[in-house]
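The values are calculated or read from the model by the stated rules, or taken from the named source; none is laboratory data. A quick note: this is a predicted structure, and the numbers were derived from the prediction, not measured. Every residue, glycine among them, receives a Cβ derived from its backbone with ideal geometry; neighbour counts consider all protein chains shown. Side chains included, ligands, DNA and RNA excluded: accessible areas come from the protein's heavy atoms. Shrake-Rupley method; radii C 1.70, N 1.55, O 1.52, S 1.80 Å.
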Amino acid sequence: MKIVGISGSPNEDGNSAWIVGTCLGLAEGRGFEVERVDPASLDVAPCSDCGTCRDEKGCSIADDMVGVYDLLEGAEGFFVVSPVYFGTLTAQLKAFFDRTLPLRRAGFALKNKVGGAAAVGGSRNGGQEITIQTIHAWMHIHGMIVVGDDSHFGGALQRAAADDVVGMETARATINKICDTIELIGR
């Protein structure tokens, strides 16, 4: 059983990357195989709405997304984390999400996979819930089973994430809910 952690930050060593790494470590400790994707370190062009994925399998854009599709299809769950940039997720994560459209058009390849999210902002109420809802929208559009932290929407943290005890509790609860749900489904 594999969980893919996706860090939406353009900073490879930033708060989002730390949250993903820490939470994937918890999933790994529970016996899950884990893998991490950092869209900002990939060459991912924005979707051009060319229509290729409407008519045939795949995407006409030849970039690093080509190598990511199989990873996403092979996962049972996703933990997506984004910093809050101007009230929502980052441009890098949005481009990554948009480029998963071929997976939806290829028979809903991500349907019934389990997804959860976390967001980290500059203050306690800096747009984290809107960012999480935007990530959840991507998951719902793919037909995923979306989970939170057993209390709210998911992990809501403020910088510096490593010092945010309350926020990290919500992130840990979210990854544990992802693991619990995958186990309940019996994949």
Candidates GLU76, GLU33, GLU129; GNM for the chain (alpha-carbon contacts under 10 Å) flags as most fluctuating GLU33
Mean separation of Cα contacts under 8 Å (6+ apart) over length of the range 14-151, as relative contact order %: 25 percent
Across all Cα atoms of the range 86-187, Rg and the largest Cα-Cα distance (Dmax), in Å, are 14.1, 42
Two-site label geometry, GLU33 and ASP13: point separation in nm, points 7 Å out along Cα→Cβ: 3.0 nm
Here D for the chain, in µm²/s, from Stokes-Einstein with a Kirkwood Rh over Cα pairs at 10 °C and 1.306 mPa s, works out to 98 µm²/s
Once you have a ≥ b ≥ c as the square roots of the Cα gyration tensor eigenvalues for the range 1-56, tell me rounded if a/c is under 1.5, and otherwise prolate or oblate according to whether a/b is larger than b/c. oblate
Based on DSSP, what percent of beta bridges with both residues in the chain are antiparallel, to the nearest 5? 5 percent
Please work out how much length the chain gains when fully extended from SER151 to ASP163, using 0.36 nm per residue of separation minus the C-alpha to C-alpha distance, in nm with one decimal. 2.2 nm
Given a 1.4 angstrom probe, what's the average accessible area per residue across the chain, in square angstrom? 45 Å²
Direction-averaged shadow area of the convex hull around the Cα atoms of the range 57-131, nm²? 5.5 nm²
Order HIS152, HIS142, most accessible first, counting only protein heavy atoms with a 1.4 angstrom probe. HIS152, HIS142
Order the following by accessible area, largest value first: CYS50, CYS23. Probe radius 1.4 Å; ligands, DNA and RNA are ignored. CYS50, CYS23
For LYS113, LYS57, give the ranking by accessible area with the largest first, probe 1.4 Å. LYS57, LYS113
State the three equivalent ellipsoid semi-axes of the range 1-97, derived from the C-alpha gyration tensor as the square roots of 5 times its eigenvalues, in descending order and whole Å. 24, 18, 10
Whole Å is fine, so just give me how far the alpha carbon centre of the range 11-53 lies from that of the range 124-185. 15 Å
Checked against the positive end of the charge dipole of the range 30-187 (+1 on Cβ of Lys and Arg, -1 on Cβ of Asp and Glu, about the Cα centre), the farthest of GLY122, ALA109, ALA161 is ALA109
Could you report the accessible area of LYS111 in Å², rounded to 10, computed with a 1.4 Å probe on the protein chains as they sit in the structure? 110 Å²
Using a basic spin-label model with each label point 7 Å from the Cα along Cα→Cβ, how many nm lie between ILE141 and ASP63? 1.6 nm
Which whole-number percent gives the relative contact order of the range 27-73, counting Cα pairs below 8 Å spaced six or more residues apart? 29 percent
Testing the spin-label approximation: label points 7 Å from Cα along Cα→Cβ at SER41 and ALA106. State their distance in nm. 2.4 nm
Ellipsoid equivalent to the range 123-172 - semi-axes via the Cα gyration tensor, in Å: 22, 12, 8
